[in-house]
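Please read the structure below before turning to the comments.
The values are calculated or read from the model by the stated rules, or taken from the named source; none is laboratory data. Predicted, not measured: the structure shown is a model, and the values here were computed from it. Reconstructed Cβ throughout: ideal geometry from the backbone, glycine too, with neighbour counts over all protein chains shown. Side chains are part of the model used for accessible areas, which takes the heavy atoms of the whole protein and leaves out ligands, DNA and RNA. Shrake-Rupley method; radii C 1.70, N 1.55, O 1.52, S 1.80 Å.
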Amino acid sequence: MTNLEGNPEVIDCESHEVSAEVIKPRSVKLTTRTGIRVDRLLPSSTIRLIGPWCFLDHFLPQDEDEIMSVASHPHTGLQTVTWLFSGEVHHHDSLGSDQRIHPGELNLMTAGRGISHSEISSKAKTPLHGAQLWIALDDKTRKIEPRFTHYSDLPKVTSTHYEAKILAGQIFGIKSQAEIFSPLVAAELTLLTDKAADVELNAEFEYGFMAINSKIKVANQLLDVGELYYQPRGANSIKINGSVDSKVLMIGGEPFNEDIVMWWNFVGRSHEEIEEMRSLWETKSEIFGVVHDELNERIPAPIMPNIKLKPRSNKKLG
Ligand code: MN
């Protein structure tokens, strides 16, 4: 649901040393989402992807009468992960899925070659607080048949000072059933004590840790609610401190080594490919199907920018 923010051209610094940093949220105005405030963490001005995670929006707790209402729109080349901390969202897609999602459950939609969906939060179940993430699919899998799965029974593991609900990937050898296509992990961590939790990491992965409901310290860096700590690969563990019941969204994965073009709701490999996807949506191509929901609307694609979209690597920008 990116609108046209026109990411300014940035020069990639090839030799930039990748280091840890805190990514501050930026508020985004979404023409395609109504009534709610959304903060964007990824892509940021310095970090484009964390593993294959190429997009992270945080929907902040809303007033009672504000709902999220996003009419039918397309996706390609990615998986969407919807994860709630409170509230309820009703998902419909062009495969005929009709699924309500609640906190602790995972909606995983694999767009592959093309899908469309709509998302409406339920007025009766407020406030809405959650995250939507996108996983870039690698070149081998990005054109697979679209699919949608709701996971209501995700595994939980407990360690000293914290527990982890595993959305995707594995922790301590316990694996989420969520269907993924590259080495990655996502979990909701809850601190069980106010002692420093030593969270075990995979040194092959880079990671992001977002403070969800209270200030926390990650590797001694103070994070405000909604801030994301970036940890480059190479660490075997990380210390997280906070008050009891602090929640942390953890994402990670092996650095994504393909250059991608991300525009609006599409992940592709070239400007021309994105142009084609846009045109297929605008001409109501059957590859995106039709969503049957109570909104009965579709969101038109924005106009493409005047510049040629360039494939971007996951390199940290300096
Ligand atoms: Mn979407």
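Phi-derived couplings, Karplus 6.51 cos²θ - 1.76 cosθ + 1.60 at θ = phi - 60°, listed residue by residue for the range 273-287: 5, 5, 4, 5, 4, 4, 5, 5, 5, 5, 9, 6, 4, 5, 5 Hz, with x used for Gly and Pro. Extending 7 Å from the Cα toward the beta-carbon at both His150 and Met304 defines two label points whose distance is 3.7 nm.
Distance from the Cα centroid of the range 281-306 to that of the range 190-243 is 38 Å (rounded to whole angstrom). Summed over the residues of the chain and divided among them, the accessible surface reaches 42 Å² per residue at a probe radius of 1.4 Å.
Residue pairs exceeding 22 angstrom between C-alpha atoms, taken from Lys165/Lys239; Lys143/Lys165; Lys24/Lys217; Lys195/Lys247: Lys143/Lys165. Projecting the Cα atoms of Trp264, Ile216, His102 onto the dipole axis of the chain, where Lys and Arg carry +1 and Asp and Glu carry -1 at the beta carbon, places Ile216 farthest toward the positive end.
Based on Cβ point charges of +1 for Lys and Arg and -1 for Asp and Glu, what charge dipole magnitude is obtained for the chain about its Cα centre, in debye rounded to the nearest 20? Using Cβ point charges on Lys, Arg, Asp and Glu, the chain gives about 320 debye. For the pair Glu276 and Asp245 in one chain, pulling the backbone fully straight at 0.36 nm per residue adds 6.5 nm over the alpha carbon distance.
Give me the one-decimal Kirkwood hydrodynamic radius in Å for the chain, with the sum taken over alpha-carbon pairs.
Details: mean 1/r = 0.0507 Å⁻¹.
Answer for the chain: a Kirkwood hydrodynamic radius of 19.7 Å.
For the chain, with all protein chains in place and a probe radius of 1.4 Å, 48% of the accessible heavy-atom surface sits on carbon or sulfur.
Taking 0.36 nm per residue of separation and subtracting the Cα-Cα distance, full extension of the segment from Asp194 to Asp259 would add 19.3 nm. Across the range 188-202, rounded Karplus estimates of 3J(HN,Hα) from the backbone phi angles (6.51 cos²θ - 1.76 cosθ + 1.60, θ = phi - 60°) give 9, 9, 10, 6, 9, 9, 9, 8, 5, 8, 8, 8, 6, 10, 8 Hz, Gly and Pro being marked x.
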